[in-house]
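To keep things clear, I will list the structure first and then write my remarks on it.
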Number of protein chains: 2
Amino acid sequence: MTYKKTLTLALVQHACSRDYPYNLERSLDGIREAAARGAQLVLLQELHSSHYFCQQEQSSYFDLAESIPGPTSNRLATLAQELEIVIVASLFEKRAAGLYHNTAVVLERDGSIAGIYRKMHIPDDPGYYEKFYFTPGDTGFLPIQTSLGKLGILICWDQWFPEAARLMSLAGADILLYPTAIGWDKQDETAEQQHQYSAWRTIQQAHAIANGIPVAACNRCGIETADDGKGQIHFWGSSFVAGPQGELLAKAPTDDAAVLLVELDLSRSETVRRNWPCLRDRRIDAYADLSLRYRDQIKTGRD
Amino acid sequence: MTYKKTLTLALVQHACSRDYPYNLERSLDGIREAAARGAQLVLLQELHSSHYFCQQEQSSYFDLAESIPGPTSNRLATLAQELEIVIVASLFEKRAAGLYHNTAVVLERDGSIAGIYRKMHIPDDPGYYEKFYFTPGDTGFLPIQTSLGKLGILICWDQWFPEAARLMSLAGADILLYPTAIGWDKQDETAEQQHQYSAWRTIQQAHAIANGIPVAACNRCGIETADDGKGQIHFWGSSFVAGPQGELLAKAPTDDAAVLLVELDLSRSETVRRNWPCLRDRRIDAYADLSLRYRDQIKTGRD
């Protein structure tokens, strides 16, 4: 393997306004700070340079999309080369006229594009109208080889699907990285909000546990109001990094911008997997039905 | 569906000695207490009537195995009929000469056998030499239909595999039930012990979250010493029930016997799944490789 045992990872969390250049500068500032503090790899939040426009379905927002390579990825590539770090950035990708994706691009230390991942699972819920904007990804669940290791990049809604994490780890991912944009609906009660937040962290920690690799999620903070002035999402920040047993290593605040720096020992995965040998014991002879929508045809006991 | 919206579930947690009849009485007493307190469904811990003999490989322990139906399942069936409750019991099953399984049997309120599940994932680690005793199950991941709903029964090591939980929920399981026997090795440091315990609870809470159904795990307590007088497991008890968002509803103590009673509202799963529609968005077109041992053949970026 080509990666170093130790990996210094930084997550750049910030609030976004409707001013695209301003948001991008927040990301660039965060990357510069991360590099100055010794980061080798920087993970940005989902759609880091725009407000979360998916709160409504509005055709004009397709104007925010860019090709890859394109102006924003070029700007990030220049910075990656200058600072000699790897950057994982989530962008609104224009692939062709009328064909758009929610895409993560990985920029190498030499400024080249190491690879892209197009969000495979697309949500659609009140306040998160993503199926309108984003064509489901066709990259499959493939980690991206970099000078620092194989990065298993997944995006937001992907984090609720254990299948995605497993496929990345089976393909050799050394770490799972989730750019994300999730928050509370102000109409929900406090207990429900707490359940949602806990579920979000728990399921990602479980991906680390099930696969014996570290997990990092970078989430935006701040309150954003929908175009109709009614809908409002309180993005819960709380970007975090968990080790290969799911143990919480670091966590950013709920409401403030942060550059969260963590030094990971990637060689721990070998130890953890030896002691908890899940990959050894998977019953691959009995998993075929995971490719079904539902197992309606199964007969159980007294059916 | 045939189940009631409300389900009162009880978990019977206790320590085991090397006295089989004594251990069985502890389970029967717990079932009686649970029924008296209004339980409709009782979940026993893994191998509830014997000490955890898998701390060593010793042929004579195969004498503990019984056929199903057999003396212990008959005794439980009689009690299920008497108390008019459903019992989920983990037994060491003798299926044929030299063919043994780690099997859960479900006893209906009328004393009949609703179905069995044979542990599919078999561990083998120092202190947990299960591959010597238990032939991997061939039941597949099928929930068992009962008068109270479809029970997705999985056993101990199964709890570390998201695939097992998913296959049960895709086949209509209303709840996941895990009889288990897990504890600390006294040689591990406190931080490592805490990581293991947290991982155990986290990954099962994540199965609830990923599938939008409640999860219950019943674990033994007590300290058991291996035949060589050296090995020792401190079973961590802490049986628990989580709701369909993974939220902890109830938890038993670490070191004491307990009958943990929880009233579940099974209809919440519908609400949770509407708000968090994971089953809608699974990318079944891209999951085929879950049936591979490892995705060695995959080419990534710069490989």
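The values are calculated or read from the model by the stated rules, or taken from the named source; none is laboratory data. Keep in mind the model is a prediction, meaning the values are calculated, not measured. Glycine also receives a Cβ, built like all others from the backbone with ideal geometry; neighbour counts cover every protein chain displayed. When the accessible area is computed, the model is the full protein with side chains, heavy atoms only, and any ligands, DNA or RNA have been set aside. Shrake-Rupley method; radii C 1.70, N 1.55, O 1.52, S 1.80 Å.
Selection among A:Thr190, A:Asn275, A:Gly98 by position relative to the dipole of chain A gives A:Asn275 as farthest towards the positive end (Cβ unit charges, Cα centre).
With each label modelled as a point 7 angstrom along the Cα→C-beta vector, the A:Leu99-A:Lys230 pair spans 3.6 nm. Computed from Cα atoms alone, the Kirkwood hydrodynamic radius reported for the protein assembly as shown is 25.0 Å.
Interface residues of region B:100-120, defined as those losing at least 40 Å² of solvent-accessible heavy-atom surface relative to the isolated chain (probe radius 1.4 Å), are listed as B:Met120.
Can you bin region A:97-253 into rounded, prolate or oblate? Criterion: square roots of the alpha carbon gyration tensor eigenvalues sorted a ≥ b ≥ c, rounded for a/c under 1.5, prolate for a/b above b/c, oblate for the rest. Oblate is the answer for region A:97-253, as a/c is 1.5 or above yet b/c matches or exceeds a/b. Among the listed pairs B:Lys5/B:Lys251; A:Lys131/A:Lys230; A:Lys131/B:Lys150, a Cα-Cα separation exceeding 25 Å is found for A:Lys131/B:Lys150.
B:Ser59 to A:Lys186: FRET efficiency via 1/(1 + (r/R0)^6), r the Cβ-Cβ distance, R0 51 Å, to the nearest 0.05?
The formula returns an efficiency of 0.20 here.
Rank B:Gly30, B:Tyr117, A:Val42 by how far each Cα sits towards the positive end of the charge dipole of the protein assembly as shown (+1 on Lys, Arg Cβ; -1 on Asp, Glu Cβ) and give me just the farthest. Of B:Gly30, B:Tyr117, A:Val42, it is B:Tyr117. Given the C-alpha centroids of region A:190-224 and region B:261-279, what is the distance between them in whole angstrom? One Cα centre to the other: 19 Å.
How much FRET efficiency would the formula 1/(1 + (r/R0)^6) give for B:Asp138 and B:Asn74, where r is the Cβ-Cβ distance and R0 is 25 Å, rounded to 0.05? Calculated transfer efficiency: 0.60.
Going 7 Å from the Cα of A:Asn275 toward and past its Cβ, which residues in region B:164-190 have a backbone nitrogen under 19 Å from where you end up? Counting backbone N atoms under 19 Å from the label point, the list is B:181-190.
Taking chain B as a Gaussian network of alpha-carbon nodes connected by springs under 10 Å, the highest mean-square fluctuation of the residues B:Ala114, B:Ala191, B:Ala97 belongs to B:Ala97. Reported to the nearest whole Å, the Cα centre-to-centre distance from region B:99-116 to region B:1-60 is 13.
The magnitude of the dipole of region A:6-291, with charges of +1 and -1 set on the Cβ of Lys/Arg and Asp/Glu and taken from the Cα centre, is near 740 debye.
Distance between the 7 Å Cα→Cβ label points at B:Asp125 and B:Leu249: 2.8 nm.
Counting only trypsin sites (Lys or Arg not before Pro) that are in a DSSP loop and have at most 16 other C-beta atoms within 10 Å, tell me the longest site-free stretch of chain A.
Numbers: sites that count: A:Lys4, A:Lys5, A:Arg18, A:Arg37, A:Lys186, A:Lys230, A:Arg293, A:Lys299, A:Arg302.
Formally, the longest exposed-site-free interval is A:38-185.
If you sort the three axes of the alpha carbon gyration tensor as a ≥ b ≥ c, you get a/c of 1.5 or more for region A:188-303 and a/b no higher than b/c, which makes it oblate. Per residue, the solvent-accessible area of region B:110-195 (1.4 Å probe, heavy atoms of protein chains only, all protein chains present) comes to 28 Å². Taking both sides together, the accessible area buried where B meets A is about 6400 Å² for a 1.4 Å probe.
For region B:69-180, what Kirkwood radius comes out of the mean inverse Cα-Cα distance, in Å? Before the final figure, lay out each step's value.
Values: mean 1/r = 0.0697 Å⁻¹.
Evaluated over region B:69-180, this radius sits at 14.3 Å.
Mean sequence separation of contacting Cα pairs (under 8 Å, at least six apart), scaled by the length of chain B, corresponds to a relative contact order of 19 percent. In this structure, A:Ser267 and B:Leu292 have a Cβ-Cβ separation that, at R0 = 22 Å, corresponds to a calculated FRET efficiency of about 0.35. With each label modelled as a point 7 angstrom along the Cα→C-beta vector, the B:Gln194-B:Asp285 pair spans 4.7 nm. Between the residues B:Gln245, B:Ile223, B:Ala199, the greatest Cα displacement towards the positive end of the dipole of region B:187-303, with unit charges on the Cβ of Lys, Arg, Asp and Glu, is found for B:Gln245. Computed extension gain for A:Asp256 through A:Asp29, at 0.36 nm per residue and net of the alpha carbon distance, reaches 80.2 nm. Its alpha carbons give chain A an Rg and a Dmax of 19.0, 66 Å. The longest part of chain B holding none of the exposed loop GluC sites (Glu not before Pro), meaning those outside H, G, I, E and B in DSSP with at most 16 other Cβ atoms within 10 Å, is B:190-303. Put a plus charge on the Cβ of each Lys and Arg, a minus charge on the Cβ of each Asp and Glu, and nothing anywhere else: the dipole of the protein assembly as shown about its Cα centre is then about 800 debye.
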